[in-house]
1. For segment 58-72, just list the computed ³J(HN,Hα) in residue order, Karplus coefficients 6.51, -1.76 and 1.60, θ = phi - 60°, integers in Hz, with x standing in for Gly and Pro.
2. Please report, to two decimal places, log10 I(q)/I(0) for segment 45-157 at q = 0.15, 0.21 Å⁻¹ as given by the Debye formula with identical point scatterers on the Cα atoms and no solvent.
3. So what are the ³J(HN,Hα) numbers for segment 128-144, from phi and the Karplus equation (6.51, -1.76, 1.60; θ = phi - 60°), rounded to whole Hz, Gly and Pro as x?
4. Which shape class, rounded, prolate or oblate, goes with segment 79-218 when its Cα gyration tensor gives a ≥ b ≥ c as root eigenvalues, a/c under 1.5 marks rounded, and past that a/b bigger than b/c marks prolate?
5. Give the aspartates and glutamates whose C-alpha is closer than 12 Å to that of K53, dropping any in the same chain fewer than 8 places away, or say none.
6. So how long is each side of segment 1-96 along the principal axes, counting just the alpha-carbon atoms, biggest first, in Å?
7. Quick check: pseudo-label points 7 Å beyond the Cα along Cα→Cβ at I212 and R83, how many nm apart are they?
8. Rounded to the nearest 500, what is the chain's calculated 222 nm mean residue ellipticity when only DSSP H runs of at least 4 contribute -39500 (n - 2.57) each, over all residues?
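What follows is calculated from the coordinates using simple rules that are stated; it is not laboratory data. Bear in mind the structure is a predicted one, so any value in this text is a computation, not a measurement. Neighbour counts run over all protein chains shown; Cβ positions are idealised from the backbone, glycine included.
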Amino acid sequence: MDDISVLVNKIIVPSLVDTLYMILFSTLLSAILGFVLAIVLVVTDDKGIKPNKVVYSILSTVINILRSFPFIILAVAIIPFTRMVVGTSIGEKAAIVPLTIAAAPFIARLIESSLNEVNPSLIEAAKSFGASNSQIVFKVMLKEAIPSIISDLTLAIISILGLTAMAGAVGAGGLGAVGLTYGYQSFNDTIMYTTVILLIIVVQIVQFIGNIAYKKLK
């Protein structure tokens, strides 16, 4: 019983806190960056309110390139940049950098898709009333797309949780590192399956909250 208590208090709980820390800040930063990228993509698209083929093509290409990188390779490839930003390449703070870079393009595409689903007649009606481009984006498109964006962010958070588990393989800490180091590599099934169960629980909680928010805003 004492061994289980030590296991929970010294290993499992701190790793869960570290995972939640990475999820929180990675989601916040990648959502902000992804939202900005999505707005630019939607506005500069051929069917956007201010088409710009050059800007759209360059940004779309960069996003596609970043999305094509497997996360572990990306995390290793940008180690010099990570060190420059946070001063280290190991730990939870360092993991936030590659997590943000990996998740932002994914979120950008999700939000872009949600904004593009807004009924074009609403946009035309706003234009006929003399609405500015910023008003069309923030007061028409964004307002109509909020429920869908909530679903997008729920999916993004769950994806980021999966990335934090992989980040454990490159020194990020959290449940992923515990599962790999204390569970898989040390052949400790108790730790291994405990981390799996905790990850499942976190996913279920995130999805439950996301579903409630979607239904309230729909």
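1. Couplings: 5, 5, 4, 5, 4, 4, 5, 5, 5, 6, 7, 6, x, 4, 4 Hz.
2. Relative scattering, expressed as log10 I(q)/I(0), comes to -0.79, -1.12.
3. My calculation for segment 128-144 gives 5, 8, x, 5, 6, 4, 5, 5, 5, 5, 8, 9, 10, 5, 5, 4, 6 Hz in order.
4. Details: a/c = 4.59, a/b = 1.99, b/c = 2.30.
Oblate is the answer for segment 79-218, as a/c is 1.5 or above yet b/c matches or exceeds a/b.
5. Output for K53: D45.
6. The principal-axis extents, from largest down, are 65, 26, 22 Å.
7. Going from the I212 label point to the R83 one covers 4.5 nm.
8. Numbers: 10 runs with 163 residues, N = 218.
The helix-only estimate for the chain comes to -25000 deg cm²/dmol at 222 nm.
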